[in-house]
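The values are calculated or read from the model by the stated rules, or taken from the named source; none is laboratory data. Predicted, not measured: the structure shown is a model, and the values here were computed from it. Cβ atoms come from the backbone with ideal geometry, glycine included; neighbour counts cover every protein chain shown. These area figures cover heavy atoms from the full protein model, side chains too; ligands, DNA and RNA do not enter into them. Shrake-Rupley method; radii C 1.70, N 1.55, O 1.52, S 1.80 Å.
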Amino acid sequence: MFRKLPDPACATVAVTVDGQAMRVATHETAASAALLAAMGATRTSPVNGEPRAPFCMMGVCYDCLMVIDGVPSRQACLVPVRDGMRIERQAGARALAFGSAETADV
Ligand code: FES
């Protein structure tokens, strides 16, 4: 569906998208890397399990929530890639870590 125009002068970094190693331009985001990997859905809805994928690419729709470097529910369209980044599909809702500072204000 998405295909990059060739730009041999563009610097790249190595990332993995759902375990698939690939090189992407340094100006890409985790969401655009996922789209370039043609992984289809990047998460499933915690409400009904429906597949979701990046839509707005500007931080509005939240359909791009993914696990990035082990951290769930990151807005992948707002996260620039970096060398060694692990980008993974997110299934449903993120797990809550009860008793941690992360949930103290919930
Ligand atoms: S694609 Fe819409 S918030 Fe990321």
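Annotations for the structure displayed:
- Summed residue charge, Cβ within 11 Å of SER45's Cβ, Lys/Arg positive, Asp/Glu negative: 0
- Protein heavy-atom surface of the stretch 13-88, 1.4 angstrom probe: 56% of the accessible area is carbon and sulfur, with nucleic acids and ligands not counted.
- Probe 1.4 Å, protein heavy atoms only - accessible area per residue of the chain in square angstrom: 62 Å²
- A helix-only calculation puts the chain at -1500 deg cm²/dmol for mean residue ellipticity at 222 nm, using -39500 (n - 2.57) for each DSSP H run of at least four residues, averaged over all residues.
- Charge dipole (the chain, unit charges on Cβ, about Cα centre) - positive-most of HIS27, ILE68, ALA91: HIS27
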